[in-house]
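Notes for the one structure printed next.
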Amino acid sequence: MRYAETGYNLEIDLTRGNIERVETDPHLLETHLGGLGTSVKIHYDRVPPETKAFDPENLLIYSSGLLCGTPAFSANRTIVSFISPQTDLLAYPMMGGFWASELKYAGYDKVVIRGKSPKLIYIWIHNEKVELRDATHLKGKGAVETQELIRKELKDPYVQISAIGLAGENRCFTASIEQSRSSSSRGGGGAVMGDKNIKAIAVRGTKAVHLAHGQEFMEHMKEIRKYIEFRNANPLPGLMPILSGIGSPQMMKHVDEKWHTESFAWGNARVRRKDFWTEEIEKSWEKSQTCAIKRFISCFNCPQQCGALIAHKDVPRYMMKCFSKLTYAMAAFVDDLDFSWEICQRAFEYGLDSFSTPQILAFGFELYEAGILSDADFEGCPTDKEGRFFWLLDRIARREGIGDVLADGTYWAARRIGNGAEAFDHNTTKKHEQMNIKLGMFDPLYYLMYATNEKVSITQIEGNWPQAAFPKKEHREAFVEDWPQLPDEKFKQYFLDWEPRGEKANPHYPTPEIASQIVEWMEMLHNIDDALGLCAGMGSFCLKPPYHIHNYPKLISSATGMNIDKEGLKKIVNRSRNLHRALNNMRGLRRVEELPPEDHWKHRFPELEESLMMNYYQFKGWTADGIPTRKRLQDLDLGYVAEDLIKRGILSDGQDQKEGENNQNRC
């Protein structure tokens with residue numbers, strides 16, 4: 001019997017119309033766990049590096065995590081992986097909700113999809129019964145609307161459905177996959193799904209998921225629940241509300257948005273409005289938010305309530321998630337929060353990423369105001385801030401006129417337009433729009449996180465380390481006094497020494513050596529969560545979370561029957577991380593692309609930045625071009641990957657230069 005995992009993947013070849021239930025290799029649990037870890041292994045083994053996003057050979061993999069469907073709180077993430085049309089790298093956006101656990105209950109760990117359907121279909125999975133159903137009647141329907149239509153068609157309100165909207169059908173590069181209150185957004189998974197002619201995937205399961213040592217597992221969960229209750233009753237003192245709790249950022253519950261609206265940049269990630277949050281704005285936004293939110297909602301088996309049901313005026317009801325509340329309003333320079341509730345509903349129906357798309361809209365209007373785009377490009381566009389954003393959003397989703405160009409994202413659109421448009425593409429890394437933040441002083445931790453993480457999204461690597469030094473020493477001392485989540489006691493001293501100003505402040509502190517250790521730790525936590533299917537808001541993304549490096553091994557061991565300790569877990573996730581890096585190296589990723597946006601900080605230090613990168617690469621066991629060395633790969637039992645890199649001329653035989661040697665201080 002297999003424990004925690006089902007031991008089966010559902011393999012679907014759309015070109016041939018073939019469906020197979022395939023037993024998986026039990027050894028993969030020991031080498032890559034599950035979720036993202038085993039998905040990366042499948043992509044590496046089966047997708048040639050020359051494959052492009054819209055090639056039939058590009059696999060679209062829906063994966064549950066190892067702990068999805070178990071009693072583990074907040075283990076509900078679906079990891080969707082594919083070659084991205086935006087970055088040409090392996091993308092893996094995640095979504096919460098109920099889909100992943102329902103897939104487990106249907107008897108599958110993953111759905112692996114290849115080829116292309118000759119007509120629009122949706123996939124219906126009900127335990128052993130799997131069908132490719134005609135979806136031509138759903139063409140052009142919204143992503144949220146489609147879910148309800150399929151539920152009615154199947155006559156089952158408990159079916160869990162992920163779907164694309166018009167943006168996915170039209171292969172917009174920032175098209176998302178929508179599901180319940182969540183979405184798989186970054187990287188264009190909706191476009192890949194639309195290219196394969198899949199409108200939706202519906203799943204219903206009634207099977208059991210087994211635990212190796214159920215009683216022991218539940219004892220661990222009692223401890224975690226106790227801590228969750230403690231943290232909910234005791235927010236971290238001295239921090240803004242958005243950072244003081246656990247779970248995904250509680251933007252549906254908190255009205256106070258002073259930090260976001262004054263610290264983040266408006267428009268095309270350009271302008272900080274440092275005096276925006278007035279008493280008048282606060283009253284207006286509190287009234288708007290109170291009226292719009294009808295109730296708070298949770299994902300599967302989660303004690304937190306990070307989402308909300310929105311019922312704003314005559315706008316059809318829908319469910320909203322965290323930062324979407326602000327992205328469109330800030331990009332459009334609209335001060336009325338009512339605008340957010342209205343435009344998000346349309347954007348979610350179209351199935352568009354709420355981080356990238358607002359920046360693309362603002363980018364388009366910047367080009368128009370600069371004279372790079374013409375009146376003809378914007379013929380019929382309203383002149384008011386709200387109206388013009390709705391107008392251009394429609395055209396991007398439909399790929400009409402200038403919207404057809406902008407639908408490829410900021411980077412690619414700028415190069416198609418030319419005539420100086422490239423200079424307005426100022427907030428992308430690896431061809432992907434970044435968080436709309438522009439700051440003053442260079443930050444070594446965030447430099448490494450922006451530059452090097454495979455997710456190409458800052459929110460998927462930051463988390464357990466505070467975003468800024470605490471001003472007062474006594475506050476720092478109080479914070480480290482109770483910090484059991486740290487991987488090593490030395491991190492407490494790193495934090496105590498970190499000051500807002502002076503020699504132990506940014507840009508020179510944390511030092512390159514210390515910064516490498518901190519970033520490695522945070523990245524490792526995200527990779528663990530992504531393998532287990534845990535919400536990052538309960539593990540890798542928040543301060544002092546319920547899940548951490550000291551209790552992950554206990555949960556995995558009791559769930560699966562493996563006898564795994566911290567060092568063994570670290571090796572597994574480092575194996576998957578380096579396999580992922582090598583896969584992207586084969587697709588062309590090199591040091592030259594590992595750069596945050598040029599204007600992210602006002603004050604930059606080129607020599608320090610180079611020292612940071614070289615120290616980090618050395619710490620990781622990578623070459624000066626960001627490629628895992630042969631020795632590093634062999635240490636992780638990935639010798640076959642080293643041979644592949646050498647055969648392709650990406651890694652030279654014997655290229656384990658000093659800066660790429662294994663570092664024994666790795667956390």
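Spot the failing condition for Trp277; the list is (1) within 15 Å of Met251 (Cα to Cα); (2) part of a loop (DSSP other than H, G, I, E, B); (3) among the hydrophobic types (A, V, I, L, M, F, W, C), and only one is missed.
It fails just one condition, (1).
Given (1) of a type in the set (Val, Ile, Thr); (2) free of Cβ contacts under 8 Å to residues at least 60 places away in the same chain; (3) farther than 30 Å from Ala265 by Cβ, identify the lone condition not met by Val592.
It is condition (3) that Val592 fails.
Within the set of pairs 6 or more residues apart or between chains, which connect a residue that is without any contact (Cβ under 8 Å) to a residue 24 or more places away in the chain inside segment 292-303 to a residue that is open to solvent by 60 Å² or more (accessible area, probe 1.4 Å) and of a type outside the set (D, E, K, R) with Cβ atoms less than 6 Å apart?
Listed by first residue and then by second, the contacts come to Ser298/Gln305.
Checking the conditions here, which among Phe390, Phe363, Phe378 is open to solvent by 30 Å² or more (accessible area, probe 1.4 Å) and aromatic (Phe, Trp, Tyr)?
Only one candidate qualifies: Phe390.
Kindly provide the set of residues from segment 243-282 that are under 16 Å from Ser340 (Cα atoms) and open to solvent by 40 Å² or more (accessible area, probe 1.4 Å), ordered by number.
Lys253, His254, Asp256, Glu282, listed by residue number.
Considering Ile556, Ile518, which residue is open to solvent by less than 10 Å² (accessible area, probe 1.4 Å), at pLDDT 95 or above, more than 22 Å from Leu612 (Cα to Cα) and part of a helix (DSSP H, G or I)?
Ile556
Which one is most open to solvent (accessible area, probe 1.4 Å) among residues in segment 451-471 that are touching a strand residue (DSSP E or B) at 6+ places or on another chain (Cβ under 9 Å) and among the polar types (S, T, N, Q)?
In this case the residue turns out to be Gln460.
For (1) in a strand (DSSP E or B); (2) in contact with a strand residue (DSSP E or B) (Cβ under 9 Å, 6 or more places away or on another chain); (3) among the aliphatic types (A, V, I, L, M), each residue gets a yes or a no:
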residue	(1), (2), (3)
Val22	yes, yes, yes
Val40	no, yes, yes
His43	no, yes, no
Lys52	no, yes, no
Pro56	no, yes, no
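Name the one entry in Gly187, Gly194, Gly140, Gly168 that is open to solvent by less than 30 Å² (accessible area, probe 1.4 Å), in contact (Cβ under 8 Å) with a residue 12 or more places away in the chain and in a loop (DSSP other than H, G, I, E, B).
None of the other options fit; the residue is Gly187.
Mind listing just one residue for me: the one in segment 472-506 that is under 30 Å from Glu433 (Cα atoms) and open to solvent by 10 Å² or more (accessible area, probe 1.4 Å) and, of those, farthest from the chain's Cα centre (by Cα)?
Among those that are under 30 Å from Glu433 (Cα atoms) and open to solvent by 10 Å² or more (accessible area, probe 1.4 Å), it is Pro500.
When the residues of segment 283-320 are narrowed to those that are open to solvent by 60 Å² or more (accessible area, probe 1.4 Å) and among the hydrophobic types (A, V, I, L, M, F, W, C), which ends up nearest to Tyr350 (Cα to Cα)?
Met319
Give the residue, chosen from Ser101, Ser162, Ser117, that is open to solvent by less than 20 Å² (accessible area, probe 1.4 Å), among the hydroxyl-bearing types (Ser, Thr, Tyr), in contact (Cβ under 8 Å) with a residue 60 or more places away in the chain and part of a loop (DSSP other than H, G, I, E, B).
Ser117
Could you please find all residues in segment 325-357 being under 15 Å from Arg270 (Cα atoms), free of Cβ contacts under 8 Å to residues at least 60 places away in the same chain and within 22 Å of the chain's Cα centre (by Cα)?
Once the filter is applied, which keeps residues that are under 15 Å from Arg270 (Cα atoms), free of Cβ contacts under 8 Å to residues at least 60 places away in the same chain and within 22 Å of the chain's Cα centre (by Cα), segment 325-357 yields only Ala329.
Can you report the number of residues in segment 424-447 which are in a strand (DSSP E or B) and touching a strand residue (DSSP E or B) at 6+ places or on another chain (Cβ under 6 Å)?
4
Need pairs with beta-carbon distance below 8 Å; first residue under 21 Å from Val111 (Cβ atoms) and within segment 71-88, second assigned to a loop (DSSP other than H, G, I, E, B) and of a type in the set (Val, Ile, Thr); sequence gap 6+ or separate chains.
Ile83/Val47; Ile83/Thr51
The values are calculated or read from the model by the stated rules, or taken from the named source; none is laboratory data. Keep in mind it's a predicted model, so treat the numbers as computed, not measured. Using ideal geometry, Cβ is built from the backbone for each residue, glycine included, and neighbour counts are taken over all protein chains shown. Just so you know, the surface numbers come from the protein's heavy atoms only, side chains and all, with ligands and any DNA or RNA stripped out. Shrake-Rupley method; radii C 1.70, N 1.55, O 1.52, S 1.80 Å.
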